[in-house]
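See below for the structure under consideration.
The values are calculated or read from the model by the stated rules, or taken from the named source; none is laboratory data. This is a predicted model, so every value here is computed, not measured. Note that we place each Cβ from the backbone using ideal geometry, even for glycine, and neighbour counts take in every protein chain shown.
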Amino acid sequence: MSVIEINKLTKYYGKSRGIEDVSFSVEEGEIFGFIGPNGAGKSTTIRTLLSLIYPTGGSAKIFGKDCIRYGHEVKKEIGYLPSEVFYYDNMRAIDILKYSASFYKKNCDRRIGELAEIMELDLNRKVEDLSYGNKKKVGIVQGLLHEPKLLILDEPTSGLDPLMQQKFFDLILEENRKNTTVLFSSHILTEVQKLCSRVGIIKEGSMVRVDDIKHLKEDNYKKVSIAVHKGESTEGFDMEGVSNLKRDDCSVSFIFRGDVNTIIARLATVKVSNLVIEEPTLEEIFLHYYS
């Protein structure tokens, strides 16, 4: 069952492109990575999905219901963490969280306490006294306090130190084990690779690929590093299928997708002192799409 279904979703700001013909789905119980650099259209897609802004065209459904028409219904089962969190400075963290909990027909006091303990958040401090990272912790607790069926996380780890990031990852994985579906938007590829089973890549407002991370890494992509003997040429590797090419007098490296025999044929013309062919990281594959 698809928890999120997005079909040719488009958003223009006047004549400026936000997103165009974005399509993908997120299945129940999965952690789906939504990746792209800042400005690629991740936040616009999410805000449209949450009916915070209205689309120019296309459609989006959550739990099988149109996001615009039934937005007030589906939001009850969604936990959302925006990339930036803003609160009233004179309110305590506990007051913000209790106010948020009042929108749901359940007692969230115990849940708030559990989450605050995990994230090491002092609930009695005022917002004006909190660091950016601690404000982000308030946002994390706020997004999870009602035990939503769907979590939408937009650049969730910004402001968190490495220890808190790991606690946050453990928390998300624990929620996922309870069959919570997660849409995880990030430009940090190592985070996505750590958490997600599938990934969608967005570039300049359009989707360029949706696939399993395992398939992305195994889809004939190879990371090639070559060292040649002194006096040998490192030119001639700028061929079809090669990206991220780096070259100096004695070495050349690149990402290659295609028939590896074409690389072997080129190698046969030079004296090689060292050769390494390995699987690229997700980040290196990602750069291939942006080259």
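For this structure, a couple of remarks:
- The range 92-124: number of residues that are in contact (Cβ under 8 Å) with a residue 24 or more places away in the chain, of a type outside the set (S, T, N, Q) and surrounded by 15 or more Cβ atoms within 10 Å (Cβ to Cβ): 15
- Condition broken by Lys246, with the remaining ones in (1) surrounded by fewer than 16 Cβ atoms within 10 Å (Cβ to Cβ); (2) in contact (Cβ under 8 Å) with a residue 12 or more places away in the chain; (3) charged (D, E, K, R) satisfied: (2)
- Here is the figure for the range 222-232: residues that are assigned to a strand (DSSP E or B) and either exposed (fewer than 15 other Cβ atoms within 10 Å of the Cβ) or at pLDDT below 80 (or both) total 1.
- With respect to the conditions (1) of a type in the set (Lys, Arg); (2) in a helix (DSSP H, G or I); (3) closer than 18 Å to Phe286 by Cβ, Lys246 falls short on a single one, namely (2).
- So Glu175, is it without any contact (Cβ under 8 Å) to a residue 40 or more places away in the chain, within 23 Å of Pro82 (Cβ to Cβ) and surrounded by 14 or more Cβ atoms within 10 Å (Cβ to Cβ): yes
- When the range 8-29 is filtered for residues that are crowded, with 21+ Cβ neighbours inside 10 Å and within 17 Å of the chain's Cα centre (by Cα), the ones remaining, listed by number, are Ile19, Val22, Phe24, Val26.
- Considering residues of the range 30-73 that are of a type in the set (A, V, I, L, M, F, W, C) and either outside the structural domain of Asn176 (by TED's automatic domain parsing) or out of contact with any Ser or Thr (no Cβ under 7 Å at 6 or more places or on another chain) (or both) only, the residue surrounded by the fewest Cβ atoms within 10 Å (Cβ to Cβ): Leu52
- Tally of residues being among the β-branched types (Val, Ile, Thr) and either outside the structural domain of Ile172 (by TED's automatic domain parsing) or part of a loop (DSSP other than H, G, I, E, B) (or both) across the range 80-109: 1
- Only strands (runs of 3 or more DSSP E) whose full extent lies in the range 164-214 are considered here, and the ones with at least 3 residues that are modelled with pLDDT of 95 or more and touching a Leu at 6+ places or on another chain (Cβ under 6 Å) are 181-186.
- If you check Val22, Val26 for being at pLDDT 95 or above, out of contact with any helix residue (DSSP H, G or I) (no Cβ under 7 Å at 6 or more places or on another chain), farther than 28 Å from Asp161 by Cα and not acidic (Asp, Glu), only one passes: Val26.
- Looking across the range 249-276, the residues that are of a type outside the set (S, T, N, Q), assigned to a strand (DSSP E or B) and surrounded by 14 or more Cβ atoms within 10 Å (Cβ to Cβ) come down to Val252, Phe254, Ile255, Phe256, Arg257.
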